[in-house]
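The values are calculated or read from the model by the stated rules, or taken from the named source; none is laboratory data. This structure is a prediction, so every number in the text was calculated from the model and none was measured. So basically every Cβ, Gly included, is an ideal-geometry build from the backbone, and we count neighbours across all protein chains shown. Each accessible area value is taken on the protein alone, full model and side chains, heavy atoms only, with ligands, DNA and RNA left out. Shrake-Rupley method; radii C 1.70, N 1.55, O 1.52, S 1.80 Å.
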Amino acid sequence: LELVVVDNASTDNTDEVVAGFAGDVRLRYYKNDVNIGLTPNHNRGLELARGEYIAFVSADDKLLPGHLRRCFDYLEANPAIDVASTGVIYIDAQSRPFDVRAMGGQLPVDYTGGRNEFAAQLGEGCYIAWPSILARRRLYEELGPLHDMTATDYELTVRWAAARKAFGYLRAPSACIRLHPPQASGAAYVA
């Protein structure tokens with residue numbers, strides 16, 4: 001496990017929080033001199049990561065205990081699957097859960113491949129929740145990093161699906177998306 005923190009020139013206390021973990025060799029911290037934008041910052045983290053699996057968690061989202069182990073074990077047990085995602089809980093600005101995410105296209109059962117993910121994503125929209133994803137690094141190496149555009153996560157998962165990559169879904173929620181007005185995802189997503 002490695003944790004790469006790429007601080008996008010934040011004005012909060014990220015420096016102090018990270019300093020509290022200075023002795024942990026699994027943690028690497030980088031701070032941008034200026035805010036380079038959400039997607040370029042994610043790509044910077046991708047460039048710095050060394051692991052075989054990649055997960056992104058933005059500052060306002062969180063993973064429940066065991067999420068990474070659960071997704072890692074799933075991918076290890078299913079080598080034909082390229083991307084694992086889970087159900088998601090919506091939390092408010094104070095981290096209080098208030099709903100389970102339910103989107104069109106998001107099946108009410110676990111599945112391991114066997115779905116035309118490309119057709120489903122085009123027909124149903126962005127039902128794969130970004131912070132819940134654990135993907136094999138080779139996807140980024142083969143198909144490129146994130147594109148700096150609106151709905152970056154959706155474009156990326158559609159690009160993977162168009163390349164016939166296999167997806168698996170674990171319905172039980174183990175990631176959280178914080179919904180609050182100033183989030184970088186924008187007011188439309190919060191609404």
**OP:** Could you check what % of the DSSP bridge pairs in region 68-191 are antiparallel, to the nearest 5?
**Re:** 45 percent
Subject >> Segment Asn32-Glu52, length gained on full extension (0.36 nm per residue, minus Cα span) >> reply: 4.7 nm
Subject >> Carbon/sulfur fraction of accessible area - the chain, other protein chains in place, 1.4 Å, % >> reply: 56 percent
Original post:
Which whole DSSP H helices in the chain pass both tests: a Cα extent of 27 Å or more along the axis and a mean Kyte-Doolittle value no lower than 1.0?
Top reply: none
**OP:** List the relative contact order of region 90-142 as a percent without decimals, with contacts defined as Cα pairs under 8 Å and 6+ residues apart.
**Re:** 28 percent
Subject >> Identified option (computed Rg and Dmax of the Cα atoms in Å; candidates [x] 16.3, 48; [y] 18.7, 71; [z] 17.0, 57) >> reply: [x]
**OP:** Loop sites only, by DSSP: take the GluC sites (Glu not before Pro) in the chain that have at most 16 other C-beta atoms within 10 Å and name the longest stretch containing none of them.
**Re:** 53-191
**OP:** Please list the radius of gyration and Dmax for region 129-179, considering alpha-carbon atoms only, with Å as the unit.
**Re:** 11.8, 32
Original post:
How much area per residue is accessible in the chain when the probe is 1.4 Å and only protein heavy atoms are counted (Å²)?
Top reply: 54 Å²
**OP:** Would you please calculate the Kirkwood hydrodynamic radius of region 23-133 over all C-alpha pairs and express it in Å, rounded to one decimal?
**Re:** 16.4 Å
Original post:
Each residue of region 83-94 in order: what ³J(HN,Hα) in whole Hz does its phi give by Karplus 6.51 cos²θ - 1.76 cosθ + 1.60, θ = phi - 60°, with x for Gly and Pro?
Top reply: 9, 10, 9, 10, x, 9, 9, 7, 10, 8, 4, 9
